[in-house]
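Engineer: What follows is a single structure, and I will ask about it in a moment.
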Amino acid sequence: MGNNSETQDIFIREMPDLSTEPASLGLFGLAVAALLLGVTYLGFTESGTNALLIPWILFFGATTQFVAGLLDYRRKNIFGFTVFTFFSMAMYAIALTAYINVFTSVNVDTIHYAAGLTAVMVFLVIITAASMMTNKTLFAIVISVDIALPILIAHYLWGVDGFIAGLFLLVTSGLSFYAAGGILLNTMAGKTILPLGCPIWKP
């Protein structure tokens, strides 16, 4: 009995602090939302089924990133707090726009929607620079969103095909799943299981 108790005490003392990294939660949420949006813009879903996007964007894309942002705020992580909460608000806006479009008689003005996406794109320029100081995987995620957004803006303003945007949203999803898994596994193992890459820019 004494040896078992001593072994348990050693195990508890050696376990890493698992409460300090919420990024995996936010990235898993982003991955799910980007996957759903990607297959939609690629044309894999039936027309008239956009309402089915709402719960996935609302809970995964918006709420999980919002929670991750708040946890990063408590950790004094300005990058995680800013990026996760900003993108969570964007996802809430997308979900609400989809709800208005599907369930109300209001005519959704695509110019307003494109203007909102443009504002997100402008902020992405700053996020892109900041992500260079994190790791190569997060930088690649931001770059894939950087490419998808202008195409989506052109899609809503001038009717440009959103297929390429859908492809880059799938890339965003895949990279986000990888980054989320890497952060979770690396944190729990206390060593690198899935490499995320070093910072590109060290000012």
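Engineer: Any chance region 131-143 includes a residue that's polar (S, T, N, Q), closer than 20 Å to Leu36 by Cα and touching a Gly at 6+ places or on another chain (Cβ under 9 Å)?
Structural biologist: As a first pass, look at region 131-143 and keep what is polar (S, T, N, Q): 131, 134-135, 137.
Among the residues that remain, those that are also closer than 20 Å to Leu36 by Cα are: none.
Among the residues of region 131-143, not one is polar (S, T, N, Q), closer than 20 Å to Leu36 by Cα and touching a Gly at 6+ places or on another chain (Cβ under 9 Å), which makes the answer no.
Engineer: Against the conditions (1) buried (at least 16 other Cβ atoms within 10 Å of the Cβ); (2) in contact (Cβ under 8 Å) with a residue 40 or more places away in the chain; (3) assigned to a helix (DSSP H, G or I), where does Ala129 fall short? Just the number, please.
Structural biologist: (1)
Engineer: Here's a follow-up. Any idea which of Ile183, Ile153, Ile141 is modelled with pLDDT of 95 or more and farther than 15 Å from Ala23 by Cβ?
Structural biologist: Ile153
Engineer: Please verify whether region 71-80 includes one or more residues that are surrounded by 16 or more Cβ atoms within 10 Å (Cβ to Cβ) and of a type in the set (D, E, K, R).
Structural biologist: Yes: region 71-80 contains one or more residues that are surrounded by 16 or more Cβ atoms within 10 Å (Cβ to Cβ) and of a type in the set (D, E, K, R).
Engineer: Working only within region 34-65, note down all residues that are within 18 Å of Val120 (Cα to Cα), crowded, with 20+ Cβ neighbours inside 10 Å and without any contact (Cβ under 8 Å) to a residue 60 or more places away in the chain.
Structural biologist: Ile57, Gly61, Ala62, Gln65
Engineer: Going through Ala140, Ala115 one at a time, which residue ends up being within 22 Å of Pro203 (Cα to Cα) and either of a type in the set (A, V, I, L, M) or not in a loop (DSSP other than H, G, I, E, B) (or both)? Outline the logic, then answer.
Structural biologist: On the way: Ala115 fails: within 22 Å of Pro203 (Cα to Cα).
When all the criteria are applied, what remains is Ala140.
Engineer: Right, something else. Identify, by number, the condition in (1) buried (at least 16 other Cβ atoms within 10 Å of the Cβ); (2) out of contact with any helix residue (DSSP H, G or I) (no Cβ under 9 Å at 6 or more places or on another chain) that Gly159 doesn't meet.
Structural biologist: Here Gly159 clears every test but (1).
Engineer: Within region 162-198, which residues are surrounded by fewer than 15 Cβ atoms within 10 Å (Cβ to Cβ), small (Gly, Ala, Ser) and in a loop (DSSP other than H, G, I, E, B)?
Structural biologist: Of everything in region 162-198, those that are surrounded by fewer than 15 Cβ atoms within 10 Å (Cβ to Cβ), small (Gly, Ala, Ser) and in a loop (DSSP other than H, G, I, E, B) turn out to be Gly190, Gly197.
The values are calculated or read from the model by the stated rules, or taken from the named source; none is laboratory data. Quantities reported herein were computed from a predicted structural model and do not represent experimental measurements. Ideal geometry is used to build each Cβ from the backbone, glycine not excepted, and the neighbour counts take in all protein chains shown.
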